[in-house]
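Q: Got a structure for you, questions after.
Each value in this text was obtained by applying a stated rule to the coordinates, not by laboratory testing. Since the structure is predicted, the reported quantities are computational estimates derived from the model, not experimental observations. Methodologically, a virtual Cβ is constructed for each residue, glycine included, from the backbone with ideal geometry; neighbour enumeration extends over all protein chains shown.
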Number of protein chains: 2
Amino acid sequence: MNIKDLKYFHQLVKYKNFSKVAADFSVSQPTITMAIKRIEKQFNSRLFIRDQSHHELQVTASGYQLDEHVQQVLNELATAQKELKRINSTKVLFGLPPIIGTYYFPSITPALLRQGLMKHLETFETGSKDMLQLLLKGSLDLALIASLQPIEQHQITAQLFRNYNFKIIVSPQHPLARQKEVSFKDLVAEHFIVLDEGFIHNTAFKQFCQQYDFKPNIVYQTSDVHVLKAMVKENVGIAFLTEIAVPANEELVSLALTDPQQPHFLISLAYRKNYRLGSIQQQLITTLVEEAQNK
Amino acid sequence: MNIKDLKYFHQLVKYKNFSKVAADFSVSQPTITMAIKRIEKQFNSRLFIRDQSHHELQVTASGYQLDEHVQQVLNELATAQKELKRINSTKVLFGLPPIIGTYYFPSITPALLRQGLMKHLETFETGSKDMLQLLLKGSLDLALIASLQPIEQHQITAQLFRNYNFKIIVSPQHPLARQKEVSFKDLVAEHFIVLDEGFIHNTAFKQFCQQYDFKPNIVYQTSDVHVLKAMVKENVGIAFLTEIAVPANEELVSLALTDPQQPHFLISLAYRKNYRLGSIQQQLITTLVEEAQNK
DNA sequence: TTATCATATAAATTTTATTAATAGTAAAAC
DNA sequence: GTTTTACTATTAATAAAATTTATATGATAA
């Protein structure tokens, strides 16, 4: 059996059209016919129903079931390809979401430098949500990921190692600045500056809104935490942010949330279960975990 | 790329000998040489070091890393093959460990009969530990599995639905029969009849022994619960058994365990995440879950 | 030195995949 | 009710690929 045939098969399940698949792979149409015949013979199953009357190719239950496995197979091979491409580079492709990269990671870099690990790191920045997908696809080796729930993803090993609260930040001019804490439900009337979809802040914020059943008054949405803070300082609105992103010395007032059920900003270290750890990777993980525990 | 090449590759990682692999697949030795060359070219990586001086073929880090993925791929295809072979039989191959099959399952059969589901069931009996492996390999469609911890296996969906205690059972003649409950640590001097390795009872029992740091006096080991009970009735020894396997009407006395930290006998319904559920499968799962909740 | 073991190479052969050309079939368009 | 169009299947020819046979190479062991 040939991988190529599996690729043809998968595309056929997707497009349900032999000619289109042929064109897609720049081969002749009979090539696809033959490939599918080979696969149907190999698995001894009818995978498609060629019913010309209904003007669409039907995929059988067997066809869909096989496709589940074929997808897994093709992904596995693609992942292997990407991994092997990197394996001899002595560099570890390390995913670092912006907030973690700005406010948490710098505190670990001295330790990494001491161990001579920094030069083996190649960081890649994107939102935590994308990160998990990139890990799964093999486009990353290792990643720090922020989440609201502990990461439970088959194929991924995740070590939860930091747990932060969310806070409300306001300008010193804001009436709330006199308080030390506040309940989210008392913020119905406030104007909010919020972070973009890619941030889990967004998800946590929506959760809160849903919990208290109110529609927040969002005056501005940004993907830049500095912009968000600048606007809060100008008292344009208040914001919802992890405590990690609010160093003490800033001209901002942060209020604890008193709500009994509240989400947390979790930081985990994640990698694929079948990613083989070389000595550099081992050292890196150990150092990251140790540093996380020292704080 | 050909699946055959991947099979050759995997065996070569295993045996580290070209000629042996060739013999294994009944092909000539150059076939393997060529196959490996193709794969090394495809992945653009050195996978083996042919160092004749050390008299053994060395597998590189890349080689091992690739093998991780190759194993996954080969398993996925083998699973697909088995699944598709069964898919048109309208039968669901249903794994049922002996204890669950004898003491729990019969209580659900009336509901299954009412729904006309029994005729679609083909049950297969083996220990819970094997069951998970068989599911993963695609040799089973669905299984009831006993475990001490909730099942957390990537690729497997498991619904925990029953939770039983473990008990100590003794003959009415036994001194302990006058008690209602007992702590495991007070059983050091007893003679035990225990179940075989395949049973999770065995694991739970060992856990207890380890916890209290004692070496149990095991007078007989069996894989048959009836034999175990018969021997307990004869007062040959006492036993450690789930409450589910001790119906009230038997001439046995069961004692609760008072230990604060004790394992539980969990029953879960499990299937592969990418096992597509047809209407029969859906109905079956719904019925099983409903019945479990009714008790 | 010779024998032995393990892998590589090369040419010939076999097997398999692909193509070009064409046929078949049903629905849509004229 | 032909003709066109859109899809898929079939066939023979061709191209590509994997496999074999025979042999070479290189290293250790006898």
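Q: Can you sort A:Met1, A:Met231 by how many other beta carbons sit within 10 Å, fewest first? Please report the intermediate quantities before stating the final value.
A: Values: A:Met1 14, A:Met231 19.
The order, fewest Cβ neighbours first, is A:Met1, A:Met231.
Q: When the scattering of the protein assembly as shown is computed by the Debye formula from its Cα atoms alone, each counted once and equally, what is log10 I(q)/I(0) at q = 0.08, 0.10, 0.13 Å⁻¹?
A: Debye curve over Cα of the protein assembly as shown, log10 I(q)/I(0) at q = 0.08, 0.10, 0.13 Å⁻¹: -0.84, -1.17, -1.30.
Q: List the distances, in nm and shortest first, from the label point of A:Val289 to the matching label points in every other copy, placing each point 7 Å from Cα along the Cα-to-Cβ direction.
A: For A:Val289, the inter-copy label distances come out at 3.5 nm.
Q: Right, something else. Hey, what did the stretch A:3-84 get for relative contact order, percent, Cα under 8 Å, at least 6 apart? Mind showing how you got there, number by number?
A: Numbers: 70 pairs, mean separation 23.8, N = 82.
After rounding, I find 29 percent.
Q: Taking Rh as the Kirkwood radius, which is the inverse of the mean 1/r over Cα pairs, what is the Rg/Rh value for chain A?
A: Numbers: Rg = 25.1 Å, Rh = 22.6 Å.
Computed over Cα atoms, the ratio is 1.11.
Q: Further, regarding this structure: With the dipole of the stretch B:90-226 worked out from charges on the C-beta (+1 for Lys and Arg, -1 for Asp and Glu) around the Cα centre, which of B:Gln179, B:Gln210, B:Leu93 lies farthest toward the positive end?
A: Highest projection toward the positive end goes to B:Gln179.
Q: Using only the Cα atoms, work out Rg/Rh for the stretch B:95-234, with Rh taken as the Kirkwood radius, to two decimals.
A: Details: Rg = 17.5 Å, Rh = 17.3 Å.
Ratio value, two decimals: 1.01.
Q: Another question, if that's okay. When Lys and Arg each count +1 and Asp and Glu each count -1, what net charge do the other residues less than 13 Å away from B:Asn165, Cβ to Cβ, add up to?
A: On the way: positive: B:Arg162, B:Lys167; negative: B:Glu181, B:Glu243, B:Asp259.
Within the 13 Å Cβ shell, the charges total -1.
Q: I've got another one for you. Which chain B residue puts its Cβ closest to the axis that rotates B onto A, and at what distance in whole Å?
A: It is B:His154, 1, counting Cβ atoms only.
Q: For the stretch A:159-295, what is the charge dipole size about the Cα centre, in debye to the nearest 20, if Lys and Arg each add +1 at the Cβ and Asp and Glu each add -1 at the Cβ? Could the numbers behind the result be given before it?
A: On the way: 13 positive and 14 negative charges, 86 e Å.
So the magnitude is around 420 debye.
Q: Treating the point 7 Å from Cα along Cα-beta-carbon as the label, what are the nm separations from B:Thr102 to the other copies, to one decimal?
A: Here the equivalent label points are 6.5 nm apart from this one.
Q: Let me ask something else about it. Scan the stretch B:1-88 for trypsin sites (Lys or Arg not before Pro) in coil per DSSP, keeping those whose Cβ has at most 16 other Cβ atoms within 10 Å, and list them by number. Please list the in-between numbers first.
A: Working: sites: B:Lys4, B:Lys7, B:Lys14, B:Lys16, B:Lys20, B:Lys37, B:Arg38, B:Lys41, B:Arg46, B:Arg50, B:Lys82, B:Lys85, B:Arg86; in loops: B:Lys16, B:Arg46, B:Arg50.
Hits after loop and neighbour filter: B:Lys16, B:Arg46, B:Arg50.
Q: Separation between the B:Gln283 and A:Ala177 pseudo-spin-labels, each 7 Å from Cα along Cα→Cβ, expressed in nm?
A: 6.8
Q: Indicate, rounded to the nearest 5 percent, the antiparallel portion of the DSSP beta bridges found entirely in the protein assembly as shown. It would help to have the intermediate numbers written out before the result.
A: Details: 47 of 77 bridges.
Expressed as a percentage, antiparallel bridges in the protein assembly as shown total about 60.
Q: Of all beta bridges DSSP finds with both residues in the stretch A:9-163, what is the antiparallel percent, to the nearest 5?
A: Working: 2 of 8 bridges.
That works out to approximately 25 percent antiparallel.
Q: Hey, got the dipole for the stretch B:1-157? About the Cα centre, +1 on K and R Cβ, -1 on D and E Cβ, debye to the nearest 20? Kindly include the intermediate steps, with their values, before the conclusion.
A: On the way: 18 positive and 14 negative charges, 88 e Å.
Here the size comes out at about 420 debye.
Q: How large is the translational diffusion coefficient of the stretch B:3-78 in µm² per second when you combine the Kirkwood radius over alpha carbon pairs with Stokes-Einstein at 25 °C and 0.890 mPa s?
A: Numbers: Rh = 12.4 Å.
This corresponds to a translational diffusion coefficient of 197 µm²/s.
Q: Report the net charge of residues surrounding A:Pro150, where surrounding means a beta-carbon distance below 13 angstrom and charges are Lys +1, Arg +1, Asp -1, Glu -1. Numbers along the way, then the final one.
A: Details: positive: A:Arg162; negative: A:Glu152, B:Glu152.
Local charge sum for A:Pro150: -1.
Q: Between their Cα atoms, which of A:Lys119/B:Lys7; A:Lys7/A:Lys82; A:Lys7/A:Lys41; A:Lys37/B:Lys41; A:Lys41/B:Lys41; A:Lys4/B:Lys129 are more than 26 Å away from each other?
A: On the way: A:Lys119/B:Lys7 37 Å; A:Lys7/A:Lys82 18 Å; A:Lys7/A:Lys41 16 Å; A:Lys37/B:Lys41 29 Å; A:Lys41/B:Lys41 29 Å; A:Lys4/B:Lys129 37 Å.
A:Lys119/B:Lys7; A:Lys37/B:Lys41; A:Lys41/B:Lys41; A:Lys4/B:Lys129, as the Cα separations exceed 26 Å there.
Q: While we're looking at this one, here's another question. Can you sort A:Thr286, A:Thr60 by how many other beta carbons sit within 10 Å, fewest first?
A: Working: A:Thr286 11, A:Thr60 17.
Final ranking by Cβ density, sparse to dense: A:Thr286, A:Thr60.
Q: Just to be sure I understand: of the beta bridges DSSP finds with both ends in the stretch A:166-263, what percent are antiparallel, rounded to 5? Numbers along the way, then the final one.
A: Values: 8 of 17 bridges.
Around 45 percent antiparallel, to the nearest 5.
Q: Next question, about the same structure. Let me know the charge dipole size of the protein assembly as shown about its Cα centre in debye, to the nearest 20, where only the beta-carbon of Lys, Arg (+1) and Asp, Glu (-1) is charged.
A: Numbers: 62 positive and 56 negative charges, 370 e Å.
For this selection, approximately 1780 debye.
Q: Taking only the Cα atoms of the stretch B:166-263, how large is their convex hull per residue, in Å³?
A: Working: hull volume 8.8 nm³, N = 98.
Per residue, the Cα convex hull of the stretch B:166-263 comes to 90 Å³.
Q: Additional query: Order these by the 10 Å Cβ neighbour count, fewest first: A:His174, B:His264.
A: Details: A:His174 19, B:His264 15.
Neighbour counts put them in this order, fewest first: B:His264, A:His174.
Q: Hey, for A:Gln179 with labels 7 Å out along Cα-Cβ, what do the inter-copy distances come to in nm, ordered shortest first?
A: 5.7
Q: So, R0 is 30 Å and r is the distance between the beta-carbons of B:Arg50 and A:Arg276; what FRET efficiency does that work out to, to 0.05?
A: Working: r = 22 Å, r/R0 = 0.72.
Plugging the Cβ-Cβ distance into 1/(1 + (r/R0)^6) gives 0.90.
Q: Along Cα→Cβ, 7 Å out, is where each label goes; now give me the distance between the ones at B:Phe25 and B:Ile218 in nm to one decimal.
A: According to this spin-label approximation, the distance is 4.3 nm.
Q: Using only alpha carbon pairs under 8 Å that are at least six residues apart, calculate the relative contact order of chain A and give it in whole percent. Present the calculation step by step, with values, prior to reporting the outcome.
A: Values: 440 pairs, mean separation 60.4, N = 295.
Once divided by the residue count of chain A, the mean separation gives 20 percent.
Q: Figure the gain on full extension for B:Asp196 and B:Gln133 (residue separation times 0.36 nm, minus the Cα-Cα span) and round it to one decimal in nm. Mind showing how you got there, number by number?
A: Working: separation 63, 0.36 × 63 = 22.68 nm, distance 1.82 nm.
Contour length minus Cα-Cα distance gives 20.9 nm.
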